[in-house]
Each structure stands twice: as C-alpha cells, then as structure tokens.
Amino acid sequence: MSGPAHAHLLSLDEWWESGEDREVRVELQEGVRIVAPRPRPAHARVVLSLATQLSDQLPPGFEVLIEVDVVIDPNTPATVRVPDIIVRSTTSVEFPITADQLALAIEVMSPGSRRTDRVTKSSEYAEAGIPHYWIVDENLSVTALELTPGGYVATGFVGDIVTSTPWPMRISLER
C-alpha cells in the first residue's frame, strides 16, 4: 500500500472532509490518522450494558451517546477521539461534539488499546477538561478518574460501580 507523496498533519477541516470509515475505527491524534480494528462482540456487549445502565440513571438534561467523534483539540494538528461512550448535556450543540460538552467519557479497553486508553487518552482528556473518565478493563474492573486541579484522581471498582459523582448511580459490571 502506498501513501501520499507528501504526508502532512491533518487539520480539523481535513478530518471532516475525509468522511466516515465503517470498516475500521479511526481517530485523529495530533493530525495523524490512527486506525484500529472495529471492536469485537464481547467489547460491544460491555459497551451496550454500560450505556443502557447509564441512560436509565441519568439526571434530566443528559444523554448517552456511543462511538461519536469528540474534538479534543481543534487546533492544527487536531485531535479527535471516539470514546466508546460519552455522557453530555442535551442542550449541547449537535455537531461538532467538543470535549467541553462531556460530563463523562468511557473507554472499554481492547487488547491493542491499553496504553492509549490508560496513558494517552487520560492525558488528553485531562488537558481538555473532561471532568470524569472511566477506563473499563476486560476483567470488568473500572478505573474512575475525576478531574481535580492537580489532574485526575483515580478510584477503582470491581463488580459494581457505586458512586455519587458525576451523579448518584449503581452500575453492574457482571456479565
């Protein structure tokens, strides 16, 4: 496979012009297209379970969305991530979805995304001001990160998530 003769870092406008790719999962990291395989069924089941439980417990004025583009940094070279799940205000602008609209971002780790989810996205999401970020491991443990002035502070959960932030809820992690 050959690429363009003069590759360059993409702007946000160039990202939107590239269109949607249904065969692979594509994100934009500092102007570079990052391609990964689409999630497997087990991953999709965890995402669906979490999204359904979250949706049932949201306070009025919030919504759950699955696998949508979120602009983390609009400046060239731009960064656009596709969290597995987001929660945002229903009064937010429909498009584009920007990091400042999110109350919560959730990533369900896949075998090839562990470092990206734990390190890269954690740093990007904190810098973008996303107040809550959950990282769900394949063993159904969750690291819930809450943004403080000093950065994210982690709380671990196994089995169930029982928390009062960002609102009171109980989420079952059992299959």
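May I ask you to verify whether VAL108 is touching a residue at least 60 places away in the same chain (Cβ under 8 Å) and touching an Asp or Glu at 6+ places or on another chain (Cβ under 6 Å)?
Judged against the criteria, VAL108 is a match.
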*Consider only pairs whose beta carbons are under 8 Å apart and that are at least six residues apart or on different chains; among these, list those whose first residue lies in the stretch 57-80 and is on the phi > 0 side of the Ramachandran plot and whose second residue is of a type in the set (Asp, Glu).*
GLU67/ASP84
*Tally of residues being farther than 22 Å from PRO60 by Cβ, modelled with pLDDT under 95, open to solvent by 70 Å² or more (accessible area, probe 1.4 Å) and part of a strand (DSSP E or B) across the stretch 116-175*: 1
_So in the stretch 10-37, with the set limited to residues that are among the basic types (Lys, Arg) and closer than 18 Å to VAL70 by Cβ, which one is modelled with the highest pLDDT?_
ARG33
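Mind checking which residues of the stretch 28-68 are among the charged types (D, E, K, R) and closer than 19 Å to VAL87 by Cβ? Quick ask: steps written out before the conclusion?
Within the stretch 28-68, the subset among the charged types (D, E, K, R) is 30, 33, 38, 40, 45, 56, 63, 67.
If the condition is that a residue be among the charged types (D, E, K, R) and closer than 19 Å to VAL87 by Cβ, then ASP56, GLU63, GLU67 are the ones that fit.
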_Of the residues GLY31, GLY19, only one is without any contact (Cβ under 8 Å) to a residue 12 or more places away in the chain, open to solvent by less than 90 Å² (accessible area, probe 1.4 Å) and more than 22 Å from THR163 (Cβ to Cβ); which?_
GLY19
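Go through the stretch 53-78 and count every residue that is open to solvent by less than 60 Å² (accessible area, probe 1.4 Å) and under 18 Å from the mean Cα position of the chain (by Cα). Please lay out each step first, then the result.
As a first pass, look at the stretch 53-78 and keep what is open to solvent by less than 60 Å² (accessible area, probe 1.4 Å): 53-54, 57-59, 61, 63-65, 68-73, 77-78.
If we keep only those that are under 18 Å from the mean Cα position of the chain (by Cα) too, we end up with 53-54, 58, 63-65, 68-73, 78.
Selection size over the stretch 53-78: 13.
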*Could you tell me which of the residues SER113, SER92 is more than 15 Å from the chain's Cα centre (by Cα), over 19 Å from ILE171 (Cβ atoms), modelled with pLDDT under 95 and among the hydroxyl-bearing types (Ser, Thr, Tyr)?*
SER92
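The values are calculated or read from the model by the stated rules, or taken from the named source; none is laboratory data. Note that this is a predicted model, so its numbers are computed, not measured. Note that each Cβ is placed from the backbone with ideal geometry, even for glycine, and that neighbours are counted across all protein chains shown. Just the protein is used for accessible areas: all its heavy atoms, side chains included, with ligands, DNA and RNA removed. Shrake-Rupley method; radii C 1.70, N 1.55, O 1.52, S 1.80 Å.
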